[in-house]
1. Would you check which residues across segment 69-109 are free of Cβ contacts under 8 Å to residues at least 60 places away in the same chain and of a type in the set (A, V, I, L, M) and list them?
2. Taking the conditions exactly as written (among the acidic types (Asp, Glu), without any contact (Cβ under 8 Å) to a residue 60 or more places away in the chain and out of contact with any Leu (no Cβ under 6 Å at 6 or more places or on another chain)), does GLU239 satisfy them or not?
3. Step by step: first the residues of segment 211-246, then only those that are at pLDDT 80 or above and outside the structural domain of ALA348 (by TED's automatic domain parsing), then the one that is surrounded by the fewest Cβ atoms within 10 Å (Cβ to Cβ). Which residue is that?
4. Under the condition of being part of a loop (DSSP other than H, G, I, E, B) and at pLDDT below 90, which residue from segment 282-302 is surrounded by the most Cβ atoms within 10 Å (Cβ to Cβ)?
5. If you check GLY59 against the conditions, is it at positive phi and more than 55 Å from the chain's Cα centre (by Cα)?
6. What number of residues within segment 247-281 are in a loop (DSSP other than H, G, I, E, B) and surrounded by fewer than 20 Cβ atoms within 10 Å (Cβ to Cβ)?
7. Would you pick out the residues in segment 396-420 that are closer than 16 Å to GLU246 by Cβ and part of a helix (DSSP H, G or I)?
8. Sort through LEU340, LEU336, LEU319 and tell me the only one that's over 14 Å from LEU411 (Cα atoms), surrounded by fewer than 21 Cβ atoms within 10 Å (Cβ to Cβ) and aliphatic (A, V, I, L, M).
Amino acid sequence: MLALAVTTYLAARLVGTWELYLLAFAFLAMLVLSWIAVLATGRRIRVTRALDPDRPVAGDEPEIVFHVANPSWWPGPQVTMRSRLGDLASERLDLEVESLSPHGKRLLRARVPRVNRGVHLVPAVEVVAEDPLGLARSVHKASDPITVTVFPRIALLESCALQPGIGLRQDWSGRRGLPSLSASDFRGVRPHQPGEPLSHIDWKSTAKTGVLMLREMEEPAGADVTLLLDGTAAEVVGEAPGSNFELAIRAAGSIADFVLRAGRGVSLIRHERHWRQERLTADGAGRRALMQALAEARPDAAAPLAAALRRLRTDGAHLLRAESVTIVSLSLDAQLARALLELREARARVAFLYVAGSSFAGPAPEALSYLLPFLPPREGATHAAPASALSGEARSLLLSLSRAGIPCQTLDRGDDLVRRLSLWDPAHRSIASGR
């Protein structure tokens, strides 16, 4: 446009026609007005974002709500919003917004592809402003970066093979659970006192008396459970969300959630670059803290898991006195087996869950099903879970641990966590109870 204005001006000088002068100045004025419009209004566009829901679960497809505002006294130009999602999802969202009126606002929604577990920093939105003629264009950041926390998708267990001594007397939702031989024993019923939790209310006695009645339970000694999650960087196989570490996250979360719903506390230890330990209480706050801790977990530990077990034995002797010390591991070798046997000799009640990285080494027959095993399969898709690829050495080590009295389980890619981790087959229980 500038070249056209200069050419027309030179032609007017050569020909001497005043109309060409007007045309040249019109071309120049169009260019100047376009830049003024973009710089005066386009760079003042502001965007705020919110995720719906604000705490999604891995595999969800949440929505991002964009609030676009034009604080200028002039009509805004047409803009294109570029929203990069960082590690939250691989794609980029591009939205076009027509011209906004002075002090106008607009609400836009966009669906995000399936999100991955973790705490993600979503970069600022870039706004590309253009004038109606397409002569001027500016790019600027119109929002602040936001942090999005995506919780792991855990399984709801009604029993746990690695915790046979814990019975789920009653779920937080009020459903009856499965008792076990060493679960809490019933002591009696008494009136509820203000400030006491409502999780043990006896509703039958309450209905009869018209007063809130509390069931008193006798918990066995050592009611807490210590749960150690392996985050050794060298043992991670596959890419998120289809890695053995992501499956270990889901398994550890499912076990810890079961223990919390059974009324026991959990001491969660994350074997990462820095030793992280959290005490989780058996209430809603404890479950929220569990989900937050699992969302923040990162496989960045340089030392092997056996080193963490030795530290647990020396610095965490009080944690070994728990009812169970459950270890969710990404590796299995002779050094680790020796450390587990030493914990057993120290009279710790050890349970071991091995997430076999060998099952994540090759390509999956059904990429969608195995990369996101927690999602429902597509209609008509029939495939079996991959066979266990345990080596002979791993099988021998698991056998030696079992002979020493350490309950062991293995998980492969594509395994159903409910069936693999439950003490009783949930399908058989549903049939037996008529559900």
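The values are calculated or read from the model by the stated rules, or taken from the named source; none is laboratory data. Keep in mind that this is a model prediction, so the values were computed, not measured. FYI the Cβ positions are ideal-geometry reconstructions off the backbone, even for glycines, and counts take in every protein chain you see.
1. Once the filter is applied, which keeps residues that are free of Cβ contacts under 8 Å to residues at least 60 places away in the same chain and of a type in the set (A, V, I, L, M), segment 69-109 yields ALA69, VAL79, LEU85, ALA89, LEU93, LEU95, VAL97, LEU100, LEU107, LEU108.
2. yes
3. VAL211
4. Step by step, filter segment 282-302, then rank; the result is ALA282.
5. The answer is no for GLY59.
6. From segment 247-281, those in a loop (DSSP other than H, G, I, E, B) are 262-265, 272-275, 281; that's our starting set.
Add one more test, that the residue is surrounded by fewer than 20 Cβ atoms within 10 Å (Cβ to Cβ), and what stays is 265, 273-275, 281.
Qualifying residue count for the region: 5.
7. Once the filter is applied, which keeps residues that are closer than 16 Å to GLU246 by Cβ and part of a helix (DSSP H, G or I), segment 396-420 yields LEU417, ARG420.
8. Numbers: LEU340 fails: surrounded by fewer than 21 Cβ atoms within 10 Å (Cβ to Cβ); LEU336 fails: surrounded by fewer than 21 Cβ atoms within 10 Å (Cβ to Cβ).
Only one candidate passes the filter, namely LEU319.
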